[in-house]
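Read the figures in this text as sums done on the coordinates, not as results from a lab. Source: prediction; values computed, not measured. Positions of Cβ are generated from backbone atoms using ideal geometry, with glycine treated the same way; all protein chains shown enter the neighbour counts.
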Amino acid sequence: MKALLLLFIAMPIIEMLVLFEVGGAIGALPTVGLVLLTAVVGLSLLKRQGMSTLLNAQEKLKSGELPVHELVSGIFLAVGGALLLTPGFVTDTIGFCCLIPGLRQLLIGRLVTMIKPNIVAFNQTGGVGARNAQESRQGSIDVEYTREDD
């Protein structure tokens, strides 16, 4: 929680410093133009990637599969779009990383690697409704849930 608060305090300061540096190097109007250009290009990319992800999710649903990968990609696309609408070059860079398919997959892979041990540990210690959790040979997590009424 403290890290998130620090991020919300530090990010605008970092953005302002970068904007001042770029503005000092190329001028104020070109800097504003670049910020607007990254927003337009990013929203175009977001629209294209969002539609592709939505169509893939619909196909998986039609075939009876859960579109887990598409849902996670959709979250990354939403975060990337929000970051691109935020003025600044640092947030634009992070936003583009969320929108470009190869980089997005890399970020998702790292996120899964980071949170997977926490999910397994939570389930093995009797997390909410969890009764049994174990990793299978393929690296997925098998979990059985039971509903416990009050």
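Between Ala25 and Ile108, what's the calculated FRET efficiency when r is the beta-carbon distance and R0 is 30 Å? Round to 0.05.
Once the sixth-power term is evaluated, E becomes 0.30.
Calculate, in nm to one decimal, what Val41 and Leu85 gain on full extension: separation in residues at 0.36 nm each, minus their alpha carbon distance.
14.8 nm
In nm, give the distance between the simple-model label positions of Leu6 and Lys116, each being 7 Å from the Cα along the Cα-to-Cβ direction.
2.7 nm
When 1/r is averaged over all different Cα pairs and the result inverted, which Kirkwood radius in Å belongs to segment 22-73?
For segment 22-73, the Kirkwood estimate is 13.3 Å.
What list of ³J(HN,Hα) couplings, whole Hz, do you get for segment 50-59 from phi and the Karplus terms 6.51, -1.76, 1.60, once you set θ to phi - 60° and write x for glycine and proline?
Karplus-based 3J(HN,Hα) across segment 50-59 equals x, 5, 4, 5, 4, 5, 5, 5, 5, 4 Hz.
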